[in-house]
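Below: one structure, written as structure tokens.
The numbers here are math on the coordinates, done by the rules we state, and not lab data. Remember, it's a predicted structure, so these values are computed and weren't measured experimentally. Here the Cβ positions follow ideal geometry from the backbone for every residue, glycine too, while neighbour counts run over all protein chains shown.
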Amino acid sequence: KIEIHDDLKREVVFHNLALESVHMLRSQCDADKIPFTRPVDFFAEMVKTDDHMSMVKDKLIFETKKMEAFEHRKSNREQKLRAKEKHAHRIDEKNKYKKQHMREVKDWADSAANNRAGGGRVRDNDNDYLNNMGGPNKKRQAMDRKFGHGGKNGRFKQNDKKSMNDMSGYNPKGNFSGGNKSGGSGKRKGKRARDAARK
């Protein structure tokens, strides 16, 4: 069955019929010794006009571009689908890793709680458990034995009743040291006098 409304298929049928007829006639011309070769200076007009052939050419170009556009759209759809699947796989892997991490943290916390003395609570006087926690290293222990554990831990500047009522160091001019800061007397010498003193 020939699709008469399809220009491309119709032209292919015409071409095949013409080519088959030429082969048949050529064999007959050879048998009857009839010359059929065209001379070099022979001018033959085409059966179809140039306008019609231009229209066929434009149609073929349009069909080619249409097929290329279809393939391009198909390729884009496949690339988007693959990118979407890859993104979903990455999200799944991330969620699995997160769940596994949280499960490991929970297992570690449960294990640590079960290993503690007193059902998950540490007693301050449980020296055996506290010593097994690691504690300070040998160097720190030796320094503690030699120098102790340090001085007062805090509250160095806390006032008491006596220090709060002591006004001996108060200076209304703002000099809390109770006198000249430099400890000297008189006005400071000028720059020229200081330079001369250095020489």
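Of note, MET67 satisfies the criterion of being under 53 Å from the mean Cα position of the chain (by Cα) and surrounded by 10 or more Cβ atoms within 10 Å (Cβ to Cβ).
Rundown of residues vs (1) farther than 30 Å from LYS9 by Cβ; (2) surrounded by 10 or more Cβ atoms within 10 Å (Cβ to Cβ); (3) of a type outside the set (Phe, Trp, Tyr), yes/no style:
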site	(1), (2), (3)
ASP50	no, no, yes
LYS57	no, yes, yes
LYS84	yes, yes, yes
TYR97	yes, yes, no
